[in-house]
């Protein structure tokens with residue numbers, strides 16, 4: 001059995017990396033951190049924020065609700081507070097469907 005090297009994922013991401021992932025300013029990331037209590041970055045002695053994978057997943061949810069679906073911050077907070085599990089499941093289903101759609105488009109273009 002050949003040796004397979006494990007994919008190394010970072011434990012913590014800086015605020016700049018998060019902003020680049022979502023193509024937004026770092027100020028928006030700080031604002032969302034303040035507004036949504038599900039985002040809890042670690043901070044070092046200098047006050048630099050370090051976000052975990054769980055924080056990134058929460059950013060994806062918030063970004064989807066606010067930027068993609070056009071919800072208000074109040075509406076997004078309410079939705080996450082009342083039914084976070086349902087929101088996560090819907091988000092995952094939409095993500096899978098988008099991936100399938102993209103794959104089908106690529107197959108169609110290949111024909």
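The values are calculated or read from the model by the stated rules, or taken from the named source; none is laboratory data. Owing to the predicted nature of the structure, the values given are computational and were not obtained by experimental measurement. Cβ: placed from backbone, ideal geometry, glycine included. Neighbour counts: every protein chain shown.
General observations
- Residues in the stretch 42-58 that are touching a helix residue (DSSP H, G or I) at 6+ places or on another chain (Cβ under 6 Å) and farther than 20 Å from residue 95 by Cβ: 1 in all.
- Residues (surrounded by fewer than 19 Cβ atoms within 10 Å (Cβ to Cβ), out of contact with any strand residue (DSSP E or B) (no Cβ under 9 Å at 6 or more places or on another chain) and closer than 12 Å to residue 22 by Cα) located in the stretch 52-62: 57, 60
- Among the residues of the stretch 21-54, the one identified as more than 15 Å from residue 73 (Cβ to Cβ), at pLDDT 90 or above and assigned to a helix (DSSP H, G or I) is 26.
- Selection status of residue 84, within 16 Å of the chain's Cα centre (by Cα), surrounded by fewer than 14 Cβ atoms within 10 Å (Cβ to Cβ), part of a helix (DSSP H, G or I) and modelled with pLDDT under 90: yes
- Failed criterion for residue 18 (all others in (1) in a loop (DSSP other than H, G, I, E, B); (2) surrounded by 16 or more Cβ atoms within 10 Å (Cβ to Cβ) hold): (1)
- Among residues of the stretch 85-96 that are without any contact (Cβ under 8 Å) to a residue 24 or more places away in the chain and on the phi > 0 side of the Ramachandran plot, none has a Cβ under 7 angstrom from a residue that is in a helix (DSSP H, G or I) and loosely packed, with under 13 Cβ neighbours inside 10 Å at a sequence gap of 6+ or on a separate chain.
- Only one entry of 69, 49 meets the criterion of being in contact with a strand residue (DSSP E or B) (Cβ under 9 Å, 6 or more places away or on another chain) and surrounded by 11 or more Cβ atoms within 10 Å (Cβ to Cβ), and that entry is 49.
- Screening residue 92 against (1) part of a helix (DSSP H, G or I); (2) surrounded by fewer than 16 Cβ atoms within 10 Å (Cβ to Cβ); (3) touching a helix residue (DSSP H, G or I) at 6+ places or on another chain (Cβ under 9 Å); (4) modelled with pLDDT under 90 leaves a single unmet condition, (3).
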